[in-house]
Every structure is written in structure tokens, then in C-alpha cells.
Amino acid sequence: MSNVIKNPRNGCALHGALQTVQEIEGAVPVVHANAGCGVINYLANKTVGNGASRYSGFATPGTAVQERHVIFGGASRLREQIKNTIKVVNGDLYVILNSCESAMVGDDVDAMTREIVEQGEPVACTLIAGFNGGSHYGYEHVIYDILKSIDGVKKNEKSTDEKLINIFGIVPEKDPYWQGNLEEIRRIFAGVGLKANLFFGVYGGVNDLVNAKNAVASVVFSRWGELPAKLLKERFDVPYISVSSLPNLASDERELIEKVSEYAKIDPEVKESFLESEGRYERNYLSRIRDDIFEYDLGKRTLIVGDEEQVIRYGKLFKEVFGARVVGAVLTDALKKDEEHETDNTEILEAVAENIYITSDEKDIEDIIKRSRAQVVIGSSLEKRIAEKNNVSLLEFSYPIYHRAILNQTTVGVRGAVEFVSDYITAVKQAEKEKSQVLHDYLKQLKNQNSWQGHTSKKGQVKQINLVSELAARESI
Amino acid sequence: MSFLDERKALTREKRLSSLSHFHGTLEGLIDETSGAEIKQRIRTFSQVHVDETIYAFDVLSKIEDAAIIVNGSIGCAALGIGQDQEKDFSWFSTNLVERDTILGGDDKLREAILRANEEKHPKAIFIIGTPVVAINNDDINSVILELEDEIGIPIISIYTDGFKSKTPVTGYDIVTHSLLKYLIDKNVDLKDDYINVISFSENIEDVASIAGILHELNIKFQVLPRFSNVDEIRRASKARATVVLNPDEGDYLARELQEVYGVPYIESEAPIGFRGTKNFLQRLGIFLNIEEQVVKYIDEAEAKISEQFVSNILEDKRVFVDASLSKVYGYGRLLTNLGGQVVGFSSPFVDLENRKQLKRFDFLNKNAIAIIGNGQQFEKANELEKNGIDIYFSENVGNSFVTDEGAVVVSTRNRVTYGFEGVDVIIASVRRALRLKEKGTGGSSYKDSFKRRSGNWYVKQEVS
């Protein structure tokens, strides 16, 4: 049974489905819910600073159901909304999204969708309700539902493209770096002569959904892409590869490309040349920071709060680059009981972190951080207060991240790894500088005191200085 | 007449016959609203918009020592993420799932109340209702009755449901109703020497601007319910008087404080622009018997503004104002004084209380565009290109559609627009916006065939 949650961060299935459709160029979401359901997600994501897509926020068509629709049913309201959305809003695909109200009332969303599809209009729907799960669940199910029906909406003959790879598992918005990460995956695949079918962002669009069946394989980068990949396997014989996390180091990239090369034709020379170049890039930058690793003691006790995929990726990176001890991992997207997926990352997680927790409740997370005696927490802005209270440094890398604009920055691939590492070192150096300033001031105060009594009282003002200073935490590194 | 005898606040539609759709001219709108009741209309195409749950959560989240429980599915509680609050803000979700929609969520609500009390030690707990709970008809009151004595602080149900009103300010009314009924001190024998400044939606910049003026005039005040605490709300009934920053939102609370607790309501317009701020302060000065002091302060402010005021920066520019109806007057007048031609406005709703404001729109031609709609960007897009609008002055979030239609946005977000300080800031914002004119991205979201049609073809009259 699910419990009460303090400071829940991930929204509901409708939110996940909505933000997924919004990020597909040419797709128009139509929310069949009360007026505010579609807005809440927009207001939440707006704080994160990814910008807003064309059909997000107040531009999103929605039935804005009223009391009469709850009492008498809202199917006819939905029918007129779909019909008029097509008349008013430019789009290549209209996706009807269900909600808690509609599910409780029992509106036949499917029938309304079929009715309009029979008229030749490009419309798909998903029947999941908000209370069915979180936004990761919504992402996975809406993609699954669209792929299930798109063949009947946008006809095209299957013609396998030996270079095309479907990318699943990067959840728009809920991975704060989703756009940059998709672009980095595209760069890696392009490096070995493959094309990434991204669905979202600059290089994605409705055509990617139509072409998904023509891919030579699908790659699922977290458990949250398994369902659509399986569907393509069952219906169109597109094989899929599940990997526990996005690649970070050159060795991860090699492992990924080797797996993909079992299905896609890759020129061995091109592959070796690209991977060698990636390795060189990584070696060059990581060798430049060797002094920092030792001088700033970067292998600190680390705890990670975020999606399972992020926990695995950041954990591996911290262990391999800095020799850090990952004393705990808090999975905020995972289900306590997952009956839908075959993916089981238990062993990988246990190899990455000493303790694994599944929760997104702030009180639980606070207790875990306190008990862990971590020096560094990689988490979200919601951990800021806890970090300050417990004198722990915070690196904000998981959702939500407040007061930072994140557009095309990436944390994936060797470039993302270097960016992540440089952010960490910057934060540590800033904290050290501030700590050093506090100590200088302290020394000055001591020298200017006339009596030991004065020393004692002044010392009380700066007694908070410790390994990872309070000031460092305040800067929320 | 007080509405406090009602168990729940009435919706704006029921209390003031509020209208949430109109698309026509100012003259038509005045005509439409001139009767004893305003006829409702129904859109057969709409876009998502804020509802009363969002507004209620927003204002309650700014009461510093209260706890908030969002009683609904996990997604409704994403409202808290949107608050982007300071470090001490936290909120709880009862996290209702499918099973709870069948068996009821009372146990979870009980657990949430106990946790909120234990972990936050609040002075009051607010329970925000959501669609799932409303449809399920969960018995929230019995849980409150059971726990209120046990934990010893007020547990207050906010009867929002997200689908009974098309006018989201109903959320403020619902909060007002609950605060008046369950929190505000009923013992009003002694009055104190401060005034209540009612704020529901103003940003911190605007509230600070007005607070700064009151401080300079040595007027003691407390702001509520936004940026307040539980004790300040309790004391609202002991104030000397009440002023309201946005009458569309705070009028209900001020009137009830006057009606039920005898706290005089100093009615005024929103303190926007030079004249708006002047009128606001003059009324306050008259009531508090500090007219001379206020006049002196205004004269000094006027002298400062006059030095920088350039009356022609909007010359030859066609301007559209998108704001709460009680603020359209202040913004519109200021933009007209800057040389602009205000050719239309849109507001989220109009109700019986707004009729007198509509008649004061002397800066507008009687054929000026009048759009009433909460959000509904497509209705505004329909008019922008058609009417060659240059400047879109907006207090709402998410206006990028405007640039697609060839206009440029002057936003009031994240800056001060109230008080004398606001005049300078608005002028600076207008200047910046003019530099961006002609830099629109193009590529409208809306079909040309739609934009050629009237803005009313998809609207039905409500059948009563």
C-alpha cells in the first residue's frame, strides 16, 4: 500500500504522459481532466528551467471538465473538444490523455478516439489515470499506447533501416538534462555511423514514432522504456537491448556500441576510431584533474538521491573517477513492487552503493542522509534544507533543480562526465575558498583579542568550521 | 450580507454571477453585464487553465507556520514543486491510488495530519481538497473532529475540488471563508492600531513596494493572508481598518471583516501607476487622519517621477492589456499616458462587482476588444495579428504565443509594478520590450482558418 508522502517530487501518470507528448515536435496533447490538472505539471516544471515547449502550459488543449461532466459523464465534452482541437490547433498527431476524474466517472475515451480516427484524423489516446502511477509510468505508457495505435493512424510500410536505433528510457523533464543527454546519445551513435531515433527534443518528432518500427534495434536506458521496446519486438520484430544506465565513461560507450553492433551494421574501423577518440578525450581531461583529486580529497563519502538510472550512472562515475564510497542510494522513481518490468538492477545497484533505499519522502530521505554520515549528496533542490541542516555538501543533479537554466547541458557520455566532474570540483574549490576565508577571519580575530575571555566568545562564532564547511553547504554545491 | 453562515464558500458564479467567457467589444461587455445576473457561456474548445485548487494552495503555502496537506492523488501535490519555496517549506500528499478511490482515503488523511503535526509543529493544518476526494465524497470532517482535540491546533478543510467553478479566484474565496470561520479571532472587543493589507496573489516585490510606503508614512500594518503567519491572521479582526491590494481577490475578505467583526474597509483601486497609487494612499490618509503627511509624500514622489517620465515612448503603438479586471484600469491608464493606444484587454473573469470598473475604462474606445477568459491563449491569438497589436502587456505566465503572432510582451512577472516605484519599472520594461519588437519567432500554433473566424463560433450559451 502506498503511503503519505512529504514533498513528493515526481507528479502523477498524467503529468508524465503530458510532458512526454509535449516534447514530441508536432504532437498536440489534449487533456481530458479538470482545468488545473494540466497546469500543475507546467507550474512544477517551470521552476526547473528547461524552458517550455510549444504545446505546454496554458497552450495545452483540455476539456476543463466541470461538475456536470462529473455527474453526467464527460464523453460528449471530449468529443467536441477533439473535433475543435483539430480545427484550431496545428498538429501532426493529437494525443488524448485521460485523468483521475475521467477514469472514476468512466468516460469512454477510447470510443471517442476511435470515432475521430475513423474520420481519418491523426489521433491517439492513452487511458492511464493520474492515480495509476508516477510520471515515469506515464512516460512509458503513453509512448507504448501511441506506438500501439500509430500504425492505424499514420500508415507506412515497414522497411528496416539498418542504421536506425530507437532510444527509450530518457524521461523528458524528469531527467533535468534530458535534452542534452539525448543530443549526446545522438552524437555517440552518429560517431559510429548510426542514427538515433530520439522521439523528443531538437532532433525528434512525430515521424520518429512512425519510423520506430523500422529501426534495426531499440536501446532501453532505464526500466522506464521497456514496455514500448517490447511492443516493437512483439509487433514488428525490432529487437531491444536493456542497459541499466546511460553511458558516462569511454568504457561505457564501448560496451554500449559493442552491444548495439550485434544488431546494427557498424564499420569496425569507424567504430574503433571513434571509441579511441572518446577514450583520448576522457583521458586528457581526467588526467588534468589528478592533482585536484588528491589535494582536495575528492573521494568523499557520497550519497545519491534520484532516479535509479541516475543513481547507477553517478555512482559508478564517483567510484571510478574519485574512488568515492557511495554509502547510500535513494531511488525516487523505483517501485517497491514492480510487476510490469523484467529489468532487475539489484545486483548492479548493490555493486554501486552500500545501501539501497526506495522512497521519495523527504522525512525518509532526511533520516537516511543523517544516518549515512555522507559528506556529499548528489540530489535535487529538495535536499537543500537537509544538506544545510546536516552540514553536507549538495550537488544538485536530479529533479527538481531550482534556479538554474538547463537547456542543452549534458551529464552523459565522456563530455557529460567531464562537465559533471568539473561542476563537482568547482563546488569543492569554492567551498574550500570560503572555508579558508572564515579561518583567516578567525585568526585575525584571535590576534586582535586582549584577553582569553574574548578569545573564547569570538571562537564560538566560527566554531562551525569542519571538513565540509557549513558555508559550502549553504552554497549548495 | 455575510456569507459566513454557509458551510462552504459559494463559487464566484453563484455569489457574483461571474462570467468566464466573453469575446467582443467593451460596449458589448458592458451591455452583457448590465443585468441582475450575467448569462453563462460554454466553450466547446478550451485550453487548460488554473483552477481554485491551485490558487488556494498558492496562498496557503505563503503562511509561514501552517502545514498543508494535499488530499488527492500524487500529481495534485506537484503543486508544491511549483512553489519553488524557501528552504523551510514542505507539504504532504495523501497519495491516493486506485484502491483509495474505491475504499476511501480517510486512513491516509489521518496519517497525514498526524505526520504534519509531528514533523512541522504547525499552528494550523490546512487540508486542500482535490477532484478525486470530491468525486469519492470522502468524509474529511469526521477525521478532523476526531483529531482536532488530540493534537490541539485548528485543522481546517479547504473545500476546493477543481471542477465546480470556472473562476479560479473562487480558491481565494474558499480560503477566505475557512480563515474567517475557523481561524480569525472572534473576540473583537479591543481594536489595535494596525491596518490589514490584504494580498492574495501579489509577488513579494509588489507587497514590499507598498509596505515600504506604509513604513515611510509610519502606518502600522500586517499583510495577510499571503506572507503572513497564523497569529497575524487571527488578529485580523482586531485591526483598525482593512485595505486591499487587488479588489478582485481581496474584496470578499475585507467585506466580511467589516460585516462580521466591524473592521472598516477602506475601498480603493489597486495601487498601480501614479494615479492609482495616489488614490490608494489618499483614501488611507483620509481614514487615518494623516492627509497632510500623505499629500507631502505624494508630492515628493510625483516630483521624482516627473523628472523621468517620458510621455511618448509608446507613440504609434497599439497595446493590449491582459490582467485582472481591477488592474486593467491602472495599467491601461499608465500605458495611455506613455503615448500608447490601448486597443483591447482581456481578464480572467468579470462579475457583478466589476461593473463599476468597466464604466471607468475611459481610455478605451467603446469598440475596443474585450476578451474574458482564464488563460485561453487561442482567443487572444485570434485578435493579435488581425488588429496589428504591437505591445502585449501581461501579468500572466507563459506568453510566448504572443511573439508567434507578431507582438512583443511586457510582463509584470518578477518585478515591481505597484506603487510609485512600479511606474519607473514599467517604463523601463516597455523600453526593453520595444527593442525586441519585430524579433518574433513566427510559426503560429493556431490554424489560419481559425484566426480568420470570429472568436465566438465555438461558444454555446448555458442552458439553465
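The values are calculated or read from the model by the stated rules, or taken from the named source; none is laboratory data. Here the structure is a predicted model, which means the values were calculated and not measured. Note that we place each Cβ from the backbone using ideal geometry, even for glycine, and neighbour counts take in every protein chain shown. Heavy atoms of the whole protein, side chains included, go into the accessibility calculation; ligands, DNA and RNA do not. Shrake-Rupley method; radii C 1.70, N 1.55, O 1.52, S 1.80 Å.
Residues that are crowded, with 20+ Cβ neighbours inside 10 Å and among the charged types (D, E, K, R) within segment A:332-346 comprise just one, A:ASP333. Going by what's in this entry, would B:GLY419 be described as open to solvent by less than 10 Å² (accessible area, probe 1.4 Å), away from every other protein chain (no Cβ under 12 Å) and out of contact with any strand residue (DSSP E or B) (no Cβ under 7 Å at 6 or more places or on another chain)? When the stated conditions are applied, B:GLY419 passes them. For segment B:59-78, residues that are touching a residue at least 40 places away in the same chain (Cβ under 8 Å) and open to solvent by less than 10 Å² (accessible area, probe 1.4 Å) total 11. Scanning segment A:154-179 for residues that are over 16 Å from A:THR20 (Cα atoms) and surrounded by 19 or more Cβ atoms within 10 Å (Cβ to Cβ) gives A:LEU164, A:ILE165.
Can we say B:PHE3 is part of a loop (DSSP other than H, G, I, E, B), modelled with pLDDT of 95 or more and outside the structural domain of B:ILE158 (by TED's automatic domain parsing)?
no
Put simply, of B:ILE174, B:ILE198 the only residue that is modelled with pLDDT of 95 or more, farther than 24 Å from A:GLY38 by Cα and under 22 Å from the mean Cα position of the chain (by Cα) is B:ILE198.
Listed by position, the helices (runs of 4 or more DSSP H) contained in segment B:350-460 that have at least 3 residues being among the basic types (Lys, Arg) are B:419-436. Contact annotation: residue pairs with Cβ atoms under 9 Å, 6 or more positions apart or on different chains, pairing a residue in segment A:352-363 that is away from chain B (no Cβ under 14 Å) and surrounded by 17 or more Cβ atoms within 10 Å (Cβ to Cβ) with a partner that is among the aliphatic types (A, V, I, L, M) and part of a helix (DSSP H, G or I), are A:VAL352/A:VAL311; A:VAL352/A:ILE312; A:ALA353/A:VAL311; A:ALA353/A:ILE312; A:ILE356/A:VAL311; A:ILE356/A:LEU349; A:TYR357/A:ILE365; A:TYR357/A:ILE368. For A:GLU80, the conditions (1) without any contact (Cβ under 8 Å) to a residue 24 or more places away in the chain; (2) more than 7 Å from every other protein chain (Cβ to nearest Cβ) are fulfilled apart from (2). Of all residues in segment B:119-154, which are small (Gly, Ala, Ser), part of a helix (DSSP H, G or I) and crowded, with 19+ Cβ neighbours inside 10 Å? The answer is B:ALA134, and nothing else. When residues in segment B:77-133 are screened for being more than 7 Å from chain A (Cβ to nearest Cβ) and not β-branched (Val, Ile, Thr), 24 of them pass. Restricting segment A:108-143 to residues that are in a strand (DSSP E or B) and farther than 20 Å from B:ASN95 by Cβ, which is most open to solvent (accessible area, probe 1.4 Å)? Filtering segment A:108-143 for residues that are in a strand (DSSP E or B) and farther than 20 Å from B:ASN95 by Cβ, the one most open to solvent (accessible area, probe 1.4 Å) comes out as A:CYS125. Considering segment B:179-202, and only residues there that are in a helix (DSSP H, G or I) and open to solvent by 40 Å² or more (accessible area, probe 1.4 Å), the residue that is farthest from B:VAL169 (Cα to Cα) turns out to be B:TYR182.
Restricting B:SER444, B:SER454, B:SER394, B:SER400 to residues that are surrounded by fewer than 22 Cβ atoms within 10 Å (Cβ to Cβ) and touching a helix residue (DSSP H, G or I) at 6+ places or on another chain (Cβ under 7 Å) narrows the list to B:SER444. Looking only at segment A:124-140, residues that are of a type in the set (Asp, Glu) and facing chain B (nearest Cβ under 10 Å) come to 0 in all.
Of note, A:VAL421 satisfies the criterion of being farther than 20 Å from A:VAL171 by Cβ, modelled with pLDDT of 95 or more and more than 14 Å from chain B (Cβ to nearest Cβ). Selection of segment A:195-233 for residues being without any contact (Cβ under 8 Å) to a residue 24 or more places away in the chain and touching a Pro at 6+ places or on another chain (Cβ under 9 Å) yields only A:LYS233. Just checking: which of the helices (runs of 4 or more DSSP H) contained wholly in segment B:203-319 hold 2 or more residues that are at pLDDT 95 or above, under 19 Å from B:VAL169 (Cβ atoms) and open to solvent by less than 70 Å² (accessible area, probe 1.4 Å)? It comes to B:204-216, B:247-261. The single condition among (1) at pLDDT below 95; (2) of a type in the set (D, E, K, R); (3) under 23 Å from A:LYS233 (Cα atoms) that A:GLU140 does not meet is (1).
In segment B:180-187, is there at least one residue being out of contact with any Asp or Glu (no Cβ under 6 Å at 6 or more places or on another chain), acidic (Asp, Glu) and under 23 Å from B:MET1 (Cβ atoms)? Scanning segment B:180-187, I find at least one residue that is out of contact with any Asp or Glu (no Cβ under 6 Å at 6 or more places or on another chain), acidic (Asp, Glu) and under 23 Å from B:MET1 (Cβ atoms), so the answer is yes.
Of the residues A:LEU382, A:LEU349, which single one is in contact with a Pro (Cβ under 8 Å, 6 or more places away or on another chain), open to solvent by less than 40 Å² (accessible area, probe 1.4 Å) and assigned to a helix (DSSP H, G or I)? So the residue among A:LEU382, A:LEU349 that is in contact with a Pro (Cβ under 8 Å, 6 or more places away or on another chain), open to solvent by less than 40 Å² (accessible area, probe 1.4 Å) and assigned to a helix (DSSP H, G or I) is A:LEU382. Every condition in (1) of a type in the set (S, T, N, Q); (2) more than 8 Å from chain B (Cβ to nearest Cβ); (3) free of Cβ contacts under 8 Å to residues at least 60 places away in the same chain holds for A:THR63 except the one numbered (2). Entry remark, segment A:12-60: residues being more than 10 Å from chain B (Cβ to nearest Cβ), small (Gly, Ala, Ser) and over 20 Å from the mean Cα position of the chain (by Cα) number 2 in total.
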